[in-house]
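Presented below is the structure to which this report refers.
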Amino acid sequence: MTTGTLSHSTSPRERERRHSLLRAAMSEAGYDALVIYGRGDEFVRGRIQYVSDIFTWAGWAIVVLSANGHAVFIADPLFGLGRAAIVDWITDLRMTQDPGKGIADILSDLRIASGSIGVVGLADIVCVGHFQQMRAASPRVTWADATDLFDDARAVKSQEEIDNFHQTSAILRSVFKGLEAEIRPQVMESDVLAEAHKMCRQYGCVDGIALMGRPPFRTFSPGSNGVIERDDIIVVDLEWGGPSGYWVELRRVFSFGAPPDPAKRFWETRVETFAACVDAMKAGNSSDDILVARDRVYGKHGQSATGVLNYTAHGIGLDSLEPPWVPGKSRALKENMVINLHPAIQFADRSEGLALGGISIADNILVGRDGGIRMTDPVDEWVQLEP
Amino acid sequence: MDGAGLDALVICSRGDEFMRGRVQYVSDIFQWAGWGIVVLPRSGDGAFIADPLWGVGRARLVGWHSDVRSSHSPGDEIAELLADRGVADGEVGVVGLADITLAAHFSGMKQVLPRARFRDATDLFDDVRAVKSPMELANLAETSAILRSVYRSLEAELRPGVTHRDVMAEAHRLARQYGCLDGIAQMATRPFTALMFSSSKTLQQGDVIAIDLEWAGPSGYWVELRRNYSLGRVPDDARRYWDTRVETFEACSSVMKAGNSSAEVLAARDRAYRRHGQDGQGILSYTAHGIGIDSLEPPWVPGKDRVLRENMVVSLHPAIQLADPGEHAALGCIAIADNVLVTATGGQRMTDQADVWIELEA
């Protein structure tokens, strides 16, 4: 029999670093434990992974992490514990249909049934029903939202985490190279993107999406049955959690032969905007400075993003969306934060939007002392395929 | 809504295969990630509100609801929508309050709508959508046909020396080529631990293989289908155990009759288990659950029982516990899963008409 890797394992040192970091934050905030809540959604799955290495494809999952270091994993019965049992980090694994009671039992076992408990995810994923169950089952507990406490602690990435990002980046570079052979006239969008899914899975990616846009750029789609034409501009967006679970969102633009002049001119402004935003990603700056840098370039070219709610930049890691995000949730940038950058833009002229709107760049950026550092593509190139 | 005296529903969802479908059911909008909400008044047009990261570009193309909004504070949007429809002080049913509505969003809604009376409408909604229409059944049949084709092609991939990861990657490619929206492909070989997404194990001559595909087709309707293979002749112990799985599956399916309780599926399972000295007592994992535009819908057993009605669709995968670790390693992932349609006379298989152990030439 041959054996294989079934699940990513974080190093013992990194595991200890994370739990210590959270214990220190708990101590400072006066919490006896954290109830860390996640769900099988790429925006809110990673907090559980961060403290357990357990990937929850679907359903809810909870880790109770006490200030003294004991950790318990609780899961939804449908997703079950089979995969969690293979991971050797948290050994106390429980399944329940009543997470409120499950948590009450754990807090009682830990002798903190009247303690102060931080709920990670109360701001963005804990559902009303489960929180009501928690309060009813543990009436003497003082509950507080610990979402920001947790997210701010994990925002600065360790070297091991940065290495994990680099692994995902390398995979997506390879997949994009492989896709160059798939993108050809008369092939269906869904066939190209299906091949992207296959390659990502072959490299061990745990989850992700592959999207494509072509003029008229109404939206990116997961792959229609429309066929690629020789005069198309093809934009492919890959957003994947690698084998370690760390996410990269990477976008590339293709054409057969040289791009048309208007598209090329617009692309050059995208490159300039992207570079300006990267420069602003300097430790000590505010994440809002990214929007200021973007708008400076837009001002030069008569472009605009005023009032656009879509995020221009957001943290990324074990979740594909982590704080900070701008506009909406600003933070002081710290060295070794990782930010996914994809400057939003709006077109007053609808026909211009349909012609150019999808032409864009997205990549992960490491916040450095002197500005951002590209994590996947060192430079942006419009990929010209042989006509 | 009429029956419950509700003026509007606030239907909440999340990009999770268990929780995404309620919004799809009333909007055709597929939300890969993040939260989404549909406000559906008893009279007048509905509206869709989404998380800014996921955005509303795809939602605008769908054309069911023309009022499509992106917001950081959905409570404010919901308040405005309900006020516009004249029901800001009405009875509002919240679909998902029990299982997905965010505590933070609900708190925001109550703050901006102090005169509205909110009620949990999760069961109300789920019970309505539990009985499938002919169009929904056709959608489920389409996904079934795709998974049959994917499995047929996968037989050529199962050969000594290939990694589990490569086989599963091919399943993903095929499912996506057929237009499937989302799904998982899992696989295991002896010694069984759990079905896994991506393992670097390689197949060997004589392997006993279990594959589980759980996919939403182009319409978004889900099928969970499992098949079992051997590279060469099926070992005797696996064959004997397989025969008991077939018998159990048939016993469970036969009680899926309109008017029966869903709990009777467990009773039928346990009767078959007793004949073979097997056990499913105390297992929390679901033996059967509703399936449709969410991969998990009520009823589920054990845990959320319902009277079965004609044209409910139930995913059946009888749970079992194998107390002996050696027995689990040898047999644990050998199982059957398929969608079953509830009819007046018993369950009707929706994908595979018969369960066949597939012996592949090595």
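Laboratory data are not the source of any read-out in this text; all were calculated from the coordinates shown. Computed from a predicted model, the values in this text were never measured in an experiment. Heads up, the Cβs are rebuilt from the backbone with ideal geometry, glycines too, and the neighbour counts pull from every protein chain shown.
Net charge in the neighbourhood of residue A:278 (other residues with Cβ under 13 Å of its Cβ; Lys, Arg +1, Asp, Glu -1) is -3.
Converting phi to 3J(HN,Hα) with the Karplus coefficients 6.51, -1.76 and 1.60 and the offset θ = phi - 60°, the range A:172-179 yields 5, 4, 5, 5, 4, 4, x, 5 Hz in sequence order, with x at every glycine or proline. Taking a Cβ cut-off of under 12 Å around residue A:172, the surrounding Lys, Arg, Asp and Glu residues balance to a net charge of -1, with basic ones at +1 and acidic ones at -1. The fewest-to-most ranking of A:189, B:136 by surrounding Cβ atoms within 10 Å reads B:136, A:189.
Peptides B:354-360, A:328-334 ordered by packing proxy, namely the average of other Cβ atoms within 10 Å per residue, highest first: A:328-334, B:354-360. The range B:343-362 and the range A:71-91 have Cα centres lying 31 Å from one another.
Note on residue A:329: lysines with a C-alpha under 18 Å away, same-chain residues under 8 apart excluded, are A:282.
The reciprocal of the average 1/r between distinct C-alpha atoms defines the Kirkwood hydrodynamic radius, which for the protein assembly as shown equals 26.8 Å.
Summarising the strand pairing of chain A, around 75 percent of its internal DSSP beta bridges are antiparallel.
Relative contact order of the range B:134-360, taken over Cα pairs closer than 8 Å and 6 or more residues apart, is 22 percent. Expressed as a fraction of 2.2 N^0.38 Å, the value expected for a compact globular protein of N residues, the C-alpha radius of gyration of the range A:159-385 is 0.98. Of all DSSP beta bridges confined to the range B:8-129, the antiparallel ones make up roughly 50%.
Nearest 5 percent is fine: what portion of the DSSP beta bridges confined to the range A:12-155 is antiparallel? Percent antiparallel among DSSP bridges in the range A:12-155 is about 50. Could you tell me the distance between the Cα centroids of the range B:176-253 and the range B:76-109, to the nearest Å? Between the Cα centres of the range B:176-253 and the range B:76-109 lies a distance of 42 Å. For the range B:184-281, the average shadow cast by the Cα convex hull is 8.6 nm², which is a quarter of the hull's surface. When chain B is modelled as a GNM with alpha-carbon springs shorter than 10 Å, which of B:43, B:262, B:253 fluctuates the most? Looking only at B:43, B:262, B:253, the biggest GNM fluctuation is shown by B:43. Ordering A:49-61, B:304-316, A:301-313 by mean Cβ neighbour count within 10 Å, with the highest value first, yields A:49-61, B:304-316, A:301-313. Remark on chain A: A:127, A:277 stand apart, with no other cysteine beta carbon under 4.7 Å. What is the range B:14-56 by shape, rounded, prolate or oblate, if you read a ≥ b ≥ c off the alpha carbon gyration tensor as root eigenvalues and call it rounded for a/c under 1.5, prolate for a/b larger than b/c, and oblate otherwise? Since a/c reaches 1.5 but b/c is at least a/b, the shape of the range B:14-56 is classed as oblate. If R0 equals 60 Å, the separation of the Cβ atoms of residue A:152 and residue B:348 corresponds to a calculated FRET efficiency of about 0.65. First check a/c for the range B:8-129, with a ≥ b ≥ c the square roots of the eigenvalues of its C-alpha gyration tensor; if it is under 1.5, answer rounded, and if not, answer prolate when a/b is larger than b/c or oblate otherwise. Rounded, since a/c falls under 1.5.
Per residue of B:166-172, other chain Cβ atoms within 10 Å of the residue Cβ number 4 on average. So what is the diffusion coefficient of the range A:45-103 in µm² per second by Stokes-Einstein at 4 °C and 1.567 mPa s, using a Kirkwood Rh over Cα pairs? The calculation lands on 113 µm²/s. Shown here for the range B:87-150: chymotrypsin sites (Phe, Trp or Tyr not before Pro) in loop regions (DSSP other than H, G, I, E, B) with at most 13 other Cβ atoms within 10 Å, of which there are none. Other protein chain C-beta atoms within 10 Å of residue C-beta, averaged over A:44-52: 1.
Centroid-to-centroid, using Cα positions, the range A:328-364 and the range B:284-319 are 42 Å apart. Mean-square fluctuation check for chain A, GNM, Cα pairs under 10 Å: which of A:111, A:218, A:94 is largest? Greatest mean-square fluctuation among the candidates belongs to A:111.
Database remark: amide H of residue B:182 closer than 5 angstrom to the amide H of B:216 (H placed geometrically; neighbours at sequence offset of 5 or more, or on other chains; Pro and chain starts carry no H). The mean number of partner chain beta-carbon atoms within 10 angstrom of a residue's beta-carbon across peptide A:73-84 is 5. Any idea what % of Cα-Cα pairs in the range A:120-270 are farther than 21 Å? Counting every Cα pair in the range A:120-270, those more than 21 Å apart make up 59 percent. Using a/c under 1.5 as the rounded threshold, could you call the range A:12-155 rounded, prolate or oblate? The axes a ≥ b ≥ c are square roots of the C-alpha gyration tensor eigenvalues, and prolate needs a/b larger than b/c, oblate otherwise. Verdict is rounded for the range A:12-155.
Could you sort out which of A:101/A:198; A:177/B:201; B:110/B:304 sit more than 31 Å apart by Cα distance in this structure? Result: A:101/A:198 exceed 31 Å.
Take every pair of alpha-carbon atoms less than 8 Å apart whose residues are at least six positions apart; their mean separation over the length of chain A yields a relative contact order of 14 percent.
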